[in-house]
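To start, the structure itself, in structure tokens.
Every number in this text was worked out from the coordinates using simple rules, so none of it is lab data. Owing to the predicted nature of the structure, the values given are computational and were not obtained by experimental measurement. All Cβ positions, glycine included, derive from the backbone under ideal geometry; neighbour counts span all protein chains shown.
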Amino acid sequence: MKATYLLFCAFLTATPLLADTSDSTSAATPQDLENAYSVAIERRTDEIMTKLALSDPAKAEKVRKLILAQYRSLKARDESIDARLKAAGKDAAATAKERASMYESLSKPLHEKFLADLSAELTPEQVELVKDRMTYGKVKFTYDAYCQIVPGLTDEEKKKILEMLNQARDEAIDGGSVGQKSDIFQKYKDKINAYLDGQGHNTAKAIQDWETKQAALKKEK
């Protein structure tokens, strides 16, 4: 119960639950950061490969290399954007706009190639599994949270929620950090909330009521 409560609180506050290895202390050397990043992406990739459970060793190694290469490509993209913006020396507002533009243009070819390469090796269901694992299972977790928190959802509304969350996931696989992925999902959760409110729900009140109920349950225990 405690773990579930904390998870749903994270959903409500959009707080990432997983540590982002790109966030390190200023005392760490570039090599320390690189080593930590390598360990992190290898661990993430191995977790994905365990879930895929591919029986062909050659195919498994190829897919593993594709996923690792994608993580490194996303990191290189972000580093390139940072370097170009730093060299331009523009103000924060202009930098934010340029960052978003560069992120979109640089992500598109990486996204398309990665999915094409995966699709050449995996079934559509396996590709979906990779997407889910690269986004920490946020689609199912967030969908389940909406179904539990917002009362009276229709089948059509549930279908729309899932559709938007899958869109979020497809965009979030391009995120180079936990924070980027969480921000993308939050953008879509805001859209979902607006959609549900337009359907006659009061999402803010539903969340408040759920928080009150969970607090009371916690106090009882």
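Which of the three applies to the stretch 135-221, rounded, prolate or oblate, going by the alpha-carbon gyration tensor with a ≥ b ≥ c and a/c under 1.5 meaning rounded? Here the stretch 135-221 falls in the oblate category. Across the stretch 194-206, computed HN-Hα scalar couplings (Karplus, 6.51 cos²θ - 1.76 cosθ + 1.60, θ = phi - 60°) run 5, 4, 5, 4, x, 8, x, 7, 10, 5, 4, 5, 4 Hz from first to last residue, x flagging Gly and Pro. Compared with the dominant principal axis of the Cα atoms in the chain, helix 138-149 is inclined by about 10°.
Mean residue ellipticity at 222 nm, helices only, the chain: -27500 deg cm²/dmol; runs of at least 4 DSSP H residues each add -39,500 (n - 2.57), and the sum is divided by the number of residues. Evaluating kT/(6 pi eta Rh) at 20 °C and 1.002 mPa s, with the Kirkwood radius of the chain over Cα pairs in the Stokes-Einstein relation, gives 110 µm² s⁻¹. Helix 57-88: angle to the longest alpha-carbon principal axis of the chain, degrees 0 to 90, nearest 10? Rounded to the nearest ten degrees, it is 90.
Spin-label model, Arg43/Leu217: points 7 Å from Cα along the beta carbon direction are separated by 3.0 nm.
Here the Karplus curve 6.51 cos²θ - 1.76 cosθ + 1.60, taken at θ = phi - 60°, turns the phi angles of the stretch 163-170 into couplings of 4, 5, 5, 5, 5, 4, 4, 5 Hz, with x standing for Gly and Pro. Computed extension length for Leu68-Ala204: 45.0 nm, one decimal, from 0.36 nm per residue of separation with the Cα-Cα distance subtracted.
Want the number for Ala60 to Ala83: 0.36 nm per residue separation, take away the alpha-carbon distance, what's left? Could the numbers behind the result be given before it?
Values: separation 23, 0.36 × 23 = 8.28 nm, distance 3.47 nm.
Separation in residues times 0.36 nm, less the Cα-Cα distance, equals 4.8 nm.
With 27 Å as the limit, write out which pairs from Lys62/Lys86; Lys158/Lys181; Lys51/Lys113; Lys160/Lys187; Lys97/Lys158 have Cα-Cα distances beyond it, or answer none. Beyond 27 Å between Cα atoms: Lys62/Lys86; Lys97/Lys158.
Working note: Debye formula, equal point scatterers on the alpha-carbon atoms of the stretch 26-134, no solvent; log10 I(q)/I(0) at q = 0.10, 0.11, 0.14, 0.19 Å⁻¹ is -0.38, -0.46, -0.69, -1.02.
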